[in-house]
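Engineer: Next up is a structure, given as structure tokens.
The values are calculated or read from the model by the stated rules, or taken from the named source; none is laboratory data. Predicted model only: the values in this text are computed from it and were never measured. Counting neighbours? That spans all protein chains shown, and the Cβs are built from the backbone with ideal geometry, glycine included.
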Amino acid sequence: MNSDSPSDITCDHGPCTGAASDVEAASDVETETETAADGGTTITDPDDEAFDREAFTKVATVDEIPAGEGEGYTVKGIEIAVFNLDGDFYAISNRCAHQRAPLHKAGDRKINAEDTWTEKRGGVNVEDCTVSCPWHLWEWDLETGVHEASGKRIGSFDCVVDGEDVLVRI
Ligand code: FES
């Protein structure tokens, strides 16, 4: 099966329609953690002849995720957030392990259920390679999916750029 088929990918563009529905839809944090901990030795350099393009799923083109921002996608039933840190792309679970906020909303101006917060809240930190959650600012390592203060971990996924395509391995 072609893993790039549209039925595998759902983009979460657009305004947040409500935290409650987002939370109800999130049931895969633990599953994602298992996926990230599979210990695989995937080649992540698209220029390496051993790179297995079929193991990855295209989620976007590079120009669709602005620098310093994130977008949400559902790939193979798993909600992920993909962040662009000045041209380096990272993919983690899109559900904060605290209260399951959608992490791709970090830095947005309206991110709560009532769409009433007007200040930016949370966002990426390029220097530390982290994203802070838009709800209560827990800071997640984009490489490991770890929140250092609590010791909790969410899924993190291989994310590479092949030409103009942003690919993730789920
Ligand atoms: S939901 Fe993310 S810090 Fe609370």
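Engineer: Taking the condition over 14 Å from the mean Cα position of the chain (by Cα), within 16 Å of the ligand (Cβ to nearest atom) and surrounded by 15 or more Cβ atoms within 10 Å (Cβ to Cβ), does K105 pass?
Structural biologist: Spelling it out, it is not the case that K105 is over 14 Å from the mean Cα position of the chain (by Cα), within 16 Å of the ligand (Cβ to nearest atom) and surrounded by 15 or more Cβ atoms within 10 Å (Cβ to Cβ).
Engineer: S132: hydroxyl-bearing (S, T, Y), closer than 16 Å to S93 by Cα and within 16 Å of the ligand (Cβ to nearest atom), yes or no?
Structural biologist: Against the criterion (hydroxyl-bearing (S, T, Y), closer than 16 Å to S93 by Cα and within 16 Å of the ligand (Cβ to nearest atom)), S132 qualifies.
Engineer: Could you tell me which residue of the stretch 44-97 is surrounded by the most Cβ atoms within 10 Å (Cβ to Cβ), considering only residues that are within 16 Å of the ligand (Cβ to nearest atom) and in a loop (DSSP other than H, G, I, E, B)?
Structural biologist: N94
Engineer: Please pick out the residue among R95, R121, R153 that is among the basic types (K, R), farther than 25 Å from D48 by Cβ, touching a Pro at 6+ places or on another chain (Cβ under 8 Å) and at pLDDT 95 or above.
Structural biologist: After applying the criteria, what remains is R95.
Engineer: Let me ask something else about it. Going by the structure shown, is D48 closer than 16 Å to F157 by Cβ and without any contact (Cβ under 8 Å) to a residue 60 or more places away in the chain?
Structural biologist: So D48 fails the test.
Engineer: Just give me the residues in the stretch 148-164 being among the acidic types (D, E) and surrounded by 17 or more Cβ atoms within 10 Å (Cβ to Cβ), in sequence order.
Structural biologist: Of everything in the stretch 148-164, just one residue is among the acidic types (D, E) and surrounded by 17 or more Cβ atoms within 10 Å (Cβ to Cβ), namely D158.
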